[in-house]
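The values are calculated or read from the model by the stated rules, or taken from the named source; none is laboratory data. No experiment lies behind these values; they were computed from the predicted model shown. No Cβ is skipped: glycine too gets one built from the backbone with ideal geometry, and neighbour counts run over all protein chains shown.
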Amino acid sequence: MKTICLYFEIHQIIHLKRYRFFDIGRDHYYYDDYENERSISDIAERSYVPALNALIQMAKENPGYFKVALSLSGVGLEQMEMHAPQVIDLLQELNSTGCVEFLCEPYSHGLASLKNEECFRDECIRMKNKIKEVFGQTPKVFRNSSLIYSDEIGAQVASMGFKGMLTEGAKHILGWKSPHFVYNCAMNPKLKLLLRDYKLSDDISLRFNNSDWSEYPLFAETYVDWIANLPEEEKVINIFMELCALGIFQPLSSNILEFLKALPKCAKERGITFSTPSELCSKCDSVGPLEVPYNVSWVDEERDTSCWLGNVMQREAFDKLYSVADRVRICTDRRIKQDWDYLQASNNFRFMTTKENSVSMNRGIYDGPYDAFTNYMNILGDFINRVNSLYPVDMDNEELNSLLTTIKNQGEEIEAKDKEIAKLRKELDKNAKAKTKSDEVKPAAKKTTAKKAASKK
């Protein structure tokens, strides 16, 4: 039986303000608050609110059948808590239906997985705790920023205890293989891989409203027929996209939500189910390892990391940012920690791209890639000065390493204690249940004895 794994990403860009060279050392606030509030409010109204209402309706009309997965970035969640709390309320309502699984991703929606393993791990743990705090779920499946993946990244994710990971079903990775199977990480077989069907996903997120497209207009019946007519052995169909595809990339006037809401009924008629990523990882066996020696993503035709790190400017900014990564990790200043999250966000580097196939991208306040680079480096210059004022550049490496080792040991100690606490709680619950059961049995035994005594008389 074929099953659809439907997944949506929710992330909000943090807009930086115009920051001049002469602001370095004088102004430590880097954000355009007006634009951040305006953009998230606009996206919420045009996309998130109607799209989430549609998903809630689908869940209530198809209880136990329709399922969906969502991944939220920490910075995006912070912006919604501040400027669009109605979105959080709808996410909570969707969560209460029991049809949604929340995945984990880097808190900043950044590229730490490509540069600093410890920073990457720290972000994942923080995001995992945030999802637990807000939605009461402990994520079991991981989704990296823009589905970035390699064998090494997969091994890191597996070491954090995740049982599955989402990535792109890119042609140059799959070769003759199909994305409609479950695979596993080549460096750690315990981590299962779910591969995005980019054609079926882009049919909805990119082509749905294109009147020049040969399949326009696309109906839910047709779409489900495409899935049903896939080879019998290809049972896992992963359809991944950004939530803002519903309402922004594809306007509501295109009837994109009506198309979405019709999918469960059409799928049910064809004997196709819906599954969450963790269900697929539990139910489906891997058909074998997928070797991905070089980084892959879901962006652009190349499906690699060139849109963020493809030119000299991007690599310079990237290396400069992570030159203070270890110092930021040991820092306790909340403002610096927050700025670190916002400056890591991948869109900061995307704005600097010179790739021709990205010219249609909205660069916000920037006139072009060089403008984006100059503004970001000015901000980064001030940020690094603030970090260095806490932990000077001339700090002895031995001293810095000692601090980092102490932090690592403390983290491991806390993790061990958390596991011990969880174990003790289970034992207490077990003992409490056993005591309750024994208390229920005792009165019954007395009653029986009394009855026997009465009969002897």
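Brief remarks follow.
- Qualifying residues in segment 73-103 (those that are outside any helix (DSSP H, G or I) and either of a type in the set (Gly, Ala, Ser) or out of contact with any Pro (no Cβ under 9 Å at 6 or more places or on another chain) (or both)) - the one surrounded by the fewest Cβ atoms within 10 Å (Cβ to Cβ): Gly98
- Restricting segment 150-180 to residues that are in contact with an Asp or Glu (Cβ under 7 Å, 6 or more places away or on another chain) and more than 18 Å from Tyr107 (Cβ to Cβ), the residue that is surrounded by the fewest Cβ atoms within 10 Å (Cβ to Cβ): Ser178
- Just one of the numbered conditions (1) surrounded by 19 or more Cβ atoms within 10 Å (Cβ to Cβ); (2) at pLDDT 95 or above; (3) of a type in the set (S, T, N, Q); (4) more than 14 Å from the chain's Cα centre (by Cα) is not true of Ser145: (4).
- Taken together, Lys199, Lys190 contain a single residue that is surrounded by fewer than 21 Cβ atoms within 10 Å (Cβ to Cβ) and in contact with a helix residue (DSSP H, G or I) (Cβ under 8 Å, 6 or more places away or on another chain), which is Lys190.
- Inclusion of Leu243 among residues that are under 28 Å from Ile13 (Cα atoms), in contact with a helix residue (DSSP H, G or I) (Cβ under 7 Å, 6 or more places away or on another chain) and assigned by TED's automatic domain parsing to the domain that holds Ser150 is warranted.
- Leading residue by the ranking (nearest to Thr3 (Cα to Cα)) among those in segment 282-320 that are out of contact with any Lys or Arg (no Cβ under 9 Å at 6 or more places or on another chain) and part of a helix (DSSP H, G or I): Lys283
- Count - residues of segment 32-52 that are farther than 21 Å from Ile256 by Cα, of a type in the set (Asp, Glu) and part of a helix (DSSP H, G or I): 3
- Answer residue from segment 239-265, given it is in a helix (DSSP H, G or I) and among the polar types (S, T, N, Q) and is surrounded by the most Cβ atoms within 10 Å (Cβ to Cβ) among those: Ser254
- Taken over segment 151-168, the criterion of being touching a strand residue (DSSP E or B) at 6+ places or on another chain (Cβ under 7 Å) and either farther than 20 Å from Glu242 by Cα or among the small types (Gly, Ala, Ser) (or both) is satisfied by Asp151, Gly154, Ala155, Val157, Ala158, Phe162, Lys163, Gly164.
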